[in-house]
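First up is the structure itself, then whatever we jot down about it.
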Amino acid sequence: MAVLRTDPYIWVTWLTKLLAGESMCEWSSWFRAHHKDYDKVPTEFDVATWTIDHRELVNARRDELLDKGYTVHVEDENAFRRIGKTGIVVSGKPDILAIKDDFGVIEDCKTGRPRTSDQLQVLVYMLLLPIRNPLCENVILSGRVVYKTNGVDIPASGLDDRFRARFVDLVAKVGGAKPLPKSPTWAECRWCDIGPADCLYRVSEPPESAEAETDLF
Ligand code: SF4
């Protein structure tokens, strides 16, 4: 049964799909931010395959960076928890923080198809990981999303006022007391693990009405 959290807690990836407009169900992020131990339903996401593929990609990228002379910090070493003045907690775990001399790069490895949210996720890491982090002191940071066959560089210039304002605004909404709107669609619900005890609006089948013939064109 869902247990109310003492303080709102947000995992970075609950924000980035909303920031990118790839997810419309704000309520799912709001609910997770305010509840834990909720009844979960299995989703179509294949965790075992993802874990193995992701581990291989992170290890390969770590080895590349080590060969280039970087000091490399991986996954749990990079876990952070930032507590805002509002009491809202934002947590995340970048796959890689690599540092060489005065330069550093925060990287996240993605085994799926590229999405805008991948880049926003790295930008949020670039915003939050350096806060009171001795490893990042006096280091010029950039970011990168690492895919199986290529990488996308994320320059620090992406951390502009507009991005910061959108991030702060979304954290306030997702961590705020007022429930956010639900957007039940098969495209989203099929990947959502919030069970029927907490969300009665799950769409479990693709909509039949989405396809229809017309004489209009
Ligand atoms: S099951 Fe669907 S409507 Fe309910 S929270 Fe998840 S995505 Fe939103």
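The values are calculated or read from the model by the stated rules, or taken from the named source; none is laboratory data. Note that the coordinates shown come from a computational prediction; the quantities given were computed from them, not determined experimentally. Don't worry about glycine lacking a Cβ; one is built from the backbone with ideal geometry, like all the others, and counts go over all protein chains shown. Areas reflect the complete protein model, heavy atoms only, side chains present, ligands, DNA and RNA absent. Shrake-Rupley method; radii C 1.70, N 1.55, O 1.52, S 1.80 Å.
Could you tell me the distance between the Cα centroids of segment 80-118 and segment 144-167, to the nearest Å? That distance is 10 Å.
When the helices in the chain are scored as -39500 (n - 2.57) per DSSP H run of 4 or longer and the sum is shared across all residues, what 222 nm value do you end up with, to the nearest 500 deg cm²/dmol?
Details: 6 runs with 71 residues, N = 217.
It comes out at -10000 deg cm²/dmol, rounded to the nearest 500.
Around the amide H of Lys182, modelled in the peptide plane, lie the amide H atoms of Trp27, all under 5 Å away and 5 or more residues distant in sequence or on another chain. Amide H contacts under 5 Å for Cys109: Asp95, Val146, restricted to partners 5 or more places along the chain or on a different chain, H placed in the peptide plane at 1.01 Å from N. Heavy-atom accessible area for Thr149, with the other protein chains in place and a 1.4 Å probe, reaches approximately 130 Å².
Ordering Arg144, Arg166 by how much accessible area each has at a 1.4 Å probe, largest first, what is the list? Working shown, then result.
Details: Arg144 60, Arg166 105 Å².
Highest to lowest solvent-accessible surface, that is Arg166, Arg144.
Annotation: amide H of Gly143 within the under-5 Å range of Ile106, Ile154, Ala156, sequence separation 5 or more or interchain, hydrogens built in the peptide plane.
With a ≥ b ≥ c taken as the square roots of the eigenvalues of the C-alpha gyration tensor of the chain, please select rounded if a/c is under 1.5 and otherwise prolate if a/b is larger than b/c or oblate if it is not? Show your work: numbers first, answer last.
Values: a/c = 1.86, a/b = 1.46, b/c = 1.27.
Verdict is prolate for the chain.
Report the chymotrypsin sites (Phe, Trp or Tyr not before Pro) located in segment 18-122 that are in a DSSP loop and have at most 14 other Cβ atoms inside 10 Å of their Cβ, or state none. Mind dumping the intermediate values first?
Working: sites: Trp27, Trp30, Phe31, Tyr38, Phe45, Trp50, Tyr70, Phe80, Phe103; in loops: Tyr38, Phe45, Tyr70.
Within segment 18-122, the qualifying chymotrypsin sites (Phe, Trp or Tyr not before Pro) (loop, at most 14 other Cβ atoms within 10 Å) are Phe45.
Taking all protein chains together and rolling a 1.4 Å probe, Ser23 ends up with roughly 20 Å² accessible.
Taken per residue, the accessible surface of the chain reaches 60 Å², heavy atoms only and a 1.4 Å probe. A simple charge model with +1 on the Cβ of Lys and Arg, -1 on the Cβ of Asp and Glu and nothing else charged puts the dipole of the chain at about 860 debye relative to its Cα centre.
Show Met126, Met1, Met24 ordered by accessible area, largest first, where the area counts protein heavy atoms only and the probe is 1.4 Å.
Numbers: Met126 10, Met1 175, Met24 120 Å².
Order by accessible area, largest first: Met1, Met24, Met126.
Between Asp63 and Arg164, the FRET efficiency from the beta-carbon distance, with R0 = 30 Å, is close to 0.30.
Counting other Cβ atoms within 10 Å, keep those with at most 11, restrict to DSSP loop, and tell me which GluC sites (Glu not before Pro) in segment 114-217 are left.
Answer by residue number: Glu137, Glu211, Glu213.
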